[in-house]
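In what follows, a structure is listed as structure tokens, so that the remarks can point back to it.
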Amino acid sequence: MTQKDRYAKVIQWFSANMPNPKTELEYRNEYELLVAVILSAQCTDKRVNAITPAFFEQYPTPQVLAASNEESIYQVIKSCSYPNNKAKNLHNMAIKLVEKFNGVVPSDMALLQELPGVGRKTANVIISVAFGIPAMAVDTHVFRVSARIGLTQNSKTPEDTEKQLVAGFPSEILHHAHHWLILHGRYVCKARKPLCNECGLTECCDFYQHNIIAP
Ligand code: SF4
């Protein structure tokens, strides 16, 4: 199967079976999405969604968050992973957001990455989900699933995976493809034991073709 055919099959299957995928993080504006994505690093969306209602009640704007302190932020987010580090990043992020961007989340990759706690993956999520700009954020699910299916070849880094997926998917599909691969990795193509029996991509999946039916 050529790469072109593989991408076409994947797009066809997901378009039919997951036509309108969305992030599972709950948010109401760009600031809330940014906070939720920072909290979601190494943490489940479910856990983040359990934390954010109280967080946004206490810190409804970047200005309020900036005027707070790490200890009080820690108390609100302590049930998520790496709370010390995230409390520090969230506080510093809010200070910079207010001081440099007047409290408005920028829609530019480079500017976003100036914010503490915001790396390339987070910035890609923000520009894609909040601003509708074509981008591919590569997390552990996207990295693993795209390699198993064969959408990427010999990728060693998230940046390489991002590059290959951006080249393979049409730009107008990218925002969907990001969620397709995350959700597929979360619920079907799981890290330890992919549920190939429940997967509709066996026909075009490199891993399945080489390791399951012809090991
Ligand atoms: S066939 Fe198996 S390995 Fe391939 S995408 Fe589906 S679940 Fe993952």
Quiz prompt | Net charge of neighbours whose Cβ lies under 12 Å from the Cβ of Ile38, counting Lys and Arg as +1 and Asp and Glu as -1 | solution = +2
Exercise. Please name which of Thr157, Gly168, Gly117 has its Cα lying farthest along the dipole of region 115-215 towards the positive end, using unit charges on Cβ (Lys, Arg +1; Asp, Glu -1) and the Cα centre as origin.
Key: Gly117
Self-check item: Sites Met1 and Ala50, calculated FRET efficiency, Cβ-Cβ separation with R0 41 Å, nearest 0.05
Solution: 0.45
Quiz item: With Cβ to Cβ distances under 13 Å as the rule, what net charge do the other residues near Glu203 carry (K, R +1; D, E -1)?
Solution: 0
Quiz item: For the chain, max minus min Cα coordinate along each principal axis, in Å, sorted largest first?
Solution: 59, 31, 30
Practice problem: At 1.4 Å probe size, with every protein chain present, just tell me what the per residue accessible area of the chain comes to in Å². | Solution: 51 Å²
Quiz item: What is the distance, in nm, between label points placed 7 Å from the Cα along the Cα-to-Cβ direction at Glu114 and at Lys163?
Solution: 2.7 nm
Quiz item: Against the longest principal axis of the chain, how steep is helix 30-39, in degrees 0 to 90 to the nearest 10, with axes from Cα atoms?
Solution: 70 degrees
Self-check item: Low-density loop positions, trypsin sites (Lys or Arg not before Pro), region 119-180 - DSSP coil, at most 15 other Cβ in 10 Å
Solution: Lys156
Self-check item: Surrounding net charge for Pro194, when Lys and Arg each add one and Asp and Glu each subtract one, Cβ distance under 11 Å
Solution: +4
Quiz item: region 27-66 to region 88-149: how many Å between their Cα centroids?
Solution: 14 Å
Exercise. Would you calculate, for the chain, the mean residue ellipticity at 222 nm contributed by helices, counting each DSSP H stretch of 4 or more residues as -39,500 (n - 2.57) and dividing by all residues, to the nearest 500?
Key: -16000 deg cm²/dmol
Quiz prompt | Approximate spin-label separation Val64-Ser15, in nm, with each point projected 7 Å along Cα-to-Cβ | solution = 4.4 nm
Quiz item: Of Lys22/Lys190; Lys121/Lys193; Lys22/Lys121; Lys46/Lys156, which sit over 23 Å apart, Cα to Cα?
Solution: Lys121/Lys193; Lys46/Lys156
Quiz item: Hey, got the dipole for region 60-181? About the Cα centre, +1 on K and R Cβ, -1 on D and E Cβ, debye to the nearest 20?
Solution: 300 debye
Quiz item: By how many nm would the segment from Ser107 to Arg186 lengthen if fully extended, with 0.36 nm per residue of separation less the alpha-carbon distance?
Solution: 25.7 nm
Practice problem: Pull out the extension gain between Lys22 and Gln75, defined as 0.36 nm times the separation in residues minus the alpha carbon to alpha carbon distance; nm, one decimal. | Solution: 16.1 nm
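The values are calculated or read from the model by the stated rules, or taken from the named source; none is laboratory data. These figures come from a predicted structure and were not determined experimentally. Glycine gets a Cβ as well: all are built from the backbone with ideal geometry, and neighbour counts include every protein chain shown. Accessible surface is based on the protein model in full, side chains and every heavy atom, while ligands, DNA and RNA are left aside. Shrake-Rupley method; radii C 1.70, N 1.55, O 1.52, S 1.80 Å.
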